[in-house]
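K.L.:
Dropping the structure in here first, questions after.
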Amino acid sequence: MNGERVEFFYDLSSPWTYIAFHNLDALIARTGVSVCLRPILVGGVFNAVNPSVYAAREAADNPKFKHSWRVMRDWAKLAGVEINFPSIYHPAKSIHAMRMATALAGDQVALKTFSKAAFESYFGAQENLDDPDVLVAVANKAALDGEAMRLASQTDAVKAQLRANTDEVIARGGYGSPAIFVDTDKMYFGNDQLPLVEFALNRSEA
C-alpha cells in the first residue's frame, strides 16, 4: 500500500467480486478515498480456510444456494453489469488471469483497466478466463500490452507476489473474494458490505 485507506483483495473468477468491483467506483466518488487493488488466488484461500465452498457448489439444489444465485442476479441488474453466468468455463481456474493482474500491480490504473476488461470477458462474453491467449487479447483490446503482461506473469517474482498476497489475506482473516480492508484492520467481505466500508470510512473521519 502507498497510503491508500482501502485494500481490495480479489479474484477475477468471482461474480460477486465483479459486482463489488463495479460498485466500488461510486463509493470512491462519494468518499474521495484511494483504493489499492490486491490480486489473490481465491482457490488458495478456500483450500486454506473455507473448504465448505466446494461442498456448497455440489449441493446445487440447496434452497439457500439457489436463493443466493437469484439475489446475485438482482444485484447485477441493480449495478447495471452484465452477468451471463454460469458459463461452460465455470468454475473457472484463474491462475493465469491473476498472475497477469499481479504483473500490473505497480500500475493501479492499468490493473483496474485490465480487471474490468477481464471481468467483462468472463462474465459478459463467457470467454475462458484461464486461457492465456484470451487474456492477451482482452488486454490488447483494453489498450494494454497483453504479450508483455503474459511474459511478466511467468516470472518467479510475479508468481511469488501472488502467493504472498494470498497468504497475506488469509493471515489477516480473509476467507474469500473480495476481502476489503479499511485502514488496515477493519475487514469487510463481499458486495453487500460495501455500505459498511463507506460507513467505516466516514466514521474514521468523524
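K.L.:
For the stretch 52-144, what % of the accessible area comes from carbon and sulfur atoms, probe 1.4 Å?
P.N.:
Accessible surface attributable to carbon and sulfur in the stretch 52-144 totals 55 percent.
K.L.:
Using label points projected 7 Å from each Cα along Cα→Cβ, tell me how many nm separate R203 and S52, to one decimal.
P.N.:
According to this spin-label approximation, the distance is 2.5 nm.
K.L.:
Quick one: if the Förster radius is 35 Å, what FRET efficiency do L78 and A164 give, using the C-beta to C-beta distance and rounding to 0.05?
P.N.:
0.50
K.L.:
Which one, P39, P132, P15, has the greatest fluctuation when you compute a Gaussian network model over the chain with C-alpha springs under 10 angstrom?
P.N.:
P132
K.L.:
Once you have a ≥ b ≥ c as the square roots of the Cα gyration tensor eigenvalues for the stretch 51-137, tell me rounded if a/c is under 1.5, and otherwise prolate or oblate according to whether a/b is larger than b/c.
P.N.:
prolate
K.L.:
Same structure, new question: Got a sec? What order do S34, S121 fall in by accessible area at 1.4 Å, biggest, i.e. largest, first?
P.N.:
Putting S34, S121 in descending order of accessible area: S34, S121.
K.L.:
Something else about it: Might you report the magnitude of the Cβ-based charge dipole of the stretch 70-206 about its Cα centre, with Lys and Arg at +1 and Asp and Glu at -1, to the nearest 20 debye?
P.N.:
So the magnitude is around 220 debye.
K.L.:
Dividing the Cα radius of gyration by the Kirkwood radius, what Rg/Rh value follows for the chain?
P.N.:
We get a ratio of 0.94 for the chain.
K.L.:
Do any of K93/K159; K64/K93; K93/K186; K77/K186 go past 26 Å between their Cα atoms, and which? Please list the in-between numbers first.
P.N.:
Numbers: K93/K159 15 Å; K64/K93 24 Å; K93/K186 29 Å; K77/K186 29 Å.
Going by Cα-Cα distance, K93/K186; K77/K186 fall outside the 26 Å limit.
K.L.:
Determine the calculated [θ] at 222 nm for the chain from helices alone, applying -39500 (n - 2.57) to every DSSP H run no shorter than 4 residues and normalising by the residue count; nearest 500 deg cm²/dmol.
P.N.:
Details: 10 runs with 115 residues, N = 206.
Counting only the DSSP helices, I get -17000 deg cm²/dmol.
The values are calculated or read from the model by the stated rules, or taken from the named source; none is laboratory data. What you see is a predicted model, and the numbers here were worked out from it, not measured in a lab. Cβ sites come from the backbone with ideal geometry, for glycine too, and all protein chains shown count toward neighbours. Accessible surface is based on the protein model in full, side chains and every heavy atom, while ligands, DNA and RNA are left aside. Shrake-Rupley method; radii C 1.70, N 1.55, O 1.52, S 1.80 Å.
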